[in-house]
Amino acid sequence: MKKNIAILYGGDSSEVKVSLKSGLQVAKIIDTKKYNAFLVLVKGPKWLVKSEPFKDCKVNKDDFSFTADNKKIKFDFALIAIHGTPGENGVLQGYFDIIGIPYSTSGLLTSAVTFNKYACKLYLKDINIDTAKAVLLREKDKIEPDKIIAKVGLPCFVKPNNGGSSYGITKVKTKNALTAAVKKAFAEDTEVIIEEYIQGTELTCGVFKTKKKDIVFPITEIVPLNEFFDVDAKYNGASNEITPARISARDEKNCKELTSLIYDTLNCKGICRVDYILTKNRLVFLEINTVPGMTKASIIPQQAEYLGINMTELFNMVIEDGLVL
């Protein structure tokens with residue numbers, strides 16, 4: 001009997017548009033010879049099946065099922081394609097742990113730590129992984145530009161501490177611009193991280209480890225056409241993404257080994273992507289994405305294609321690994 005796979009998409013953050021695209025794309029590539037795939041739109045407490053002929057059936061969150069024509073259909077596996085809240089921060093993971101449904105991503109603790117950029121930096125810094133200097137601000141904190149600049153310098157990046165897809169990010173070049181950038185980031189989150197700017201080559205490396213095999217994807221070099229890898233660069237083609245990256249064999253080896261180490265250290269599961277800045281003497285960790293984009297413009301599909309792995313095959317591995325307890 002074919003297993004029922006729920007593809008969760010949507011969510012409650014600024015990343016909802018990207019999540020919708022990822023979910024729709026994943027639905028197209030799921031192996032329907034092996035699985036029954038159902039799109040499930042998550043928006044606050046309202047979860048609706050969006051696949052025909054069951055469109056707009058409400059999901060019963062007591063046992064992760066829905067009823068159509070007096071027949072209950074229970075999901076066997078959750079494929080999480082929600083970027084941001086609640087798919088990337090541990091909320092959905094905690095729910096599925098409670099009801100005993102396997103899912104495609106890292107667990108609750110790993111998701112919560114990696115979603116919090118500052119906490120993740122502290123965790124990795126403790127095992128001597130190179131990270132950018134950073135200052136954390138909470139809403140109640142006073143914004144003191146002189147103290148912040150003394151710590152991280154100029155230019156610097158101001159970002160929401162919890163979030164992704166480059167929403168709310170500003171590259172700040174002057175002291176006078178800092179306060180407005182912080183307020184912009186606070187519109188996205190209750191915490192803001194301010195990081196030093198490191199000039200170098202931006203790299204990103206995907207990784208996926210199953211119980212049977214490890215895959216460290218080819219490294220992609222990102223060359224933004226804008227000033228940095230913002231939303232426009234990520235999803236509207238305003239960047240050149242070069243796979244494999246134009247780096248030395250030594251730097252490639254170091255980057256792949258570090259990606260594998262970070263994945264293991266954080267106890268990651270499923271497909272992840274780790275972002276870096278490479279300088280002449282440093283490979284600096286920026287952040288890890290535990291629910292990386294799966295749109296046509298996303299990086300993981302590009303890296304998989306270079307390896308000769310089609311996306312249907314890749315998601316077969318994700319589902320099969322998750323279903324094996």
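Taking the criterion of being among the polar types (S, T, N, Q) and in contact (Cβ under 8 Å) with a residue 60 or more places away in the chain, would at least one residue in the range 273-285 satisfy it? Yes; the residues of the range 273-285 include at least one that is among the polar types (S, T, N, Q) and in contact (Cβ under 8 Å) with a residue 60 or more places away in the chain. Within the range 270-324, take every residue that is of a type in the set (Val, Ile, Thr) and surrounded by fewer than 16 Cβ atoms within 10 Å (Cβ to Cβ) and give me the one that is farthest from Lys256 (Cα to Cα). Restricting to residues being of a type in the set (Val, Ile, Thr) and surrounded by fewer than 16 Cβ atoms within 10 Å (Cβ to Cβ), the top hit is Val324. Among the conditions (1) more than 17 Å from Glu188 (Cβ to Cβ); (2) in the same structural domain as Asn289 (by TED's automatic domain parsing), Lys117 misses just one, which is (1).
Looking at the range 71-136, the helices (runs of 4 or more DSSP H) lying wholly inside it that each contain 3 or more residues that are within 15 Å of the chain's Cα centre (by Cα), among the hydroxyl-bearing types (Ser, Thr, Tyr) and buried (at least 16 other Cβ atoms within 10 Å of the Cβ) sit at 108-115.
I need the full set of residues from the range 2-57 which are on the phi > 0 side of the Ramachandran plot and loosely packed, with under 15 Cβ neighbours inside 10 Å, in order please. Answer for the range 2-57, where residues must be on the phi > 0 side of the Ramachandran plot and loosely packed, with under 15 Cβ neighbours inside 10 Å: Gly44, Asp56.
Of all residues in the range 50-65, which are within 18 Å of Ile101 (Cα to Cα) and either in contact with an Asp or Glu (Cβ under 7 Å, 6 or more places away or on another chain) or hydroxyl-bearing (Ser, Thr, Tyr) (or both)? Matches in the range 50-65: Ser65 only. Taken over the range 137-172, the residue count meeting the criterion of being touching a residue at least 12 places away in the same chain (Cβ under 8 Å) and assigned to a loop (DSSP other than H, G, I, E, B) is 13.
The values are calculated or read from the model by the stated rules, or taken from the named source; none is laboratory data. Since we're looking at a predicted model, the values are computed, not measured. Cβ coordinates were reconstructed from backbone atoms using ideal geometry, including for glycine residues, and neighbour counts include every protein chain displayed.
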